[in-house]
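See structure below.
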Amino acid sequence: MKDMGLIRRIAWSFHRSTGLPVEDLIAEASLAYVEWLPKFDQDRGAISTFMYPRIRCHLVDYCKAQYESRCEPIVDDLDIGLACPDENTASQENRTAFKQALQNSPEEVKYLAWMIFQSPAEFMGKASRGKVKDKLREHGWTWSMIWRTFAEVKNLLKETA
């Protein structure tokens, strides 16, 4: 492809903001390029001007799909006992209130709760916030997503306490 520089530049910008593997983003950007190439009319302008918004929109959709596939509903896991808080630290009433509050929470909050309930020993104790933050960064979360979700969890805990 003659416009690999454009494809790489757009893919790298998404990699920096989402943390998704750059190879996957380049592949998706290339796919968008190939899909839109037959619709390009040389008489109407430069190919980079035509391709940039189309590749970018394709990558936005791809990133959303990747994110949504990672967010498993915590409420279902709590209902069937796959993920449950430590019996010593949470009363049944607190767990029920927390579960009800989670149902109305954004998917990011549900995912964070699910992740912690799946391996509480890994995320509890000293420096737990740092461990959670590092794990979320490994999963492609941006800094703004992490801090916004931490704030939402903090507010959720205040409401249910």
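Key figures for this structure:
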| read-out | value |
| --- | --- |
| Distance cut-off 15 Å, percentage of C-alpha pairs in the stretch 4-70 lying past it | 48 percent |
| Phi-based couplings in Hz for the stretch 41-57 (Karplus 6.51, -1.76, 1.60; Gly and Pro marked x) | 10, 4, 6, 9, x, 6, 5, 5, 5, 6, 7, 3, x, 6, 5, 4, 4 |
| Potential extension, Glu138-Ser48 segment - 0.36 nm per residue separation minus Cα distance | 29.2 nm |
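Bear in mind that the values in this text are calculations on the coordinates, not laboratory data. Being a predicted model, the structure only gives us computed values, none of them experimental.
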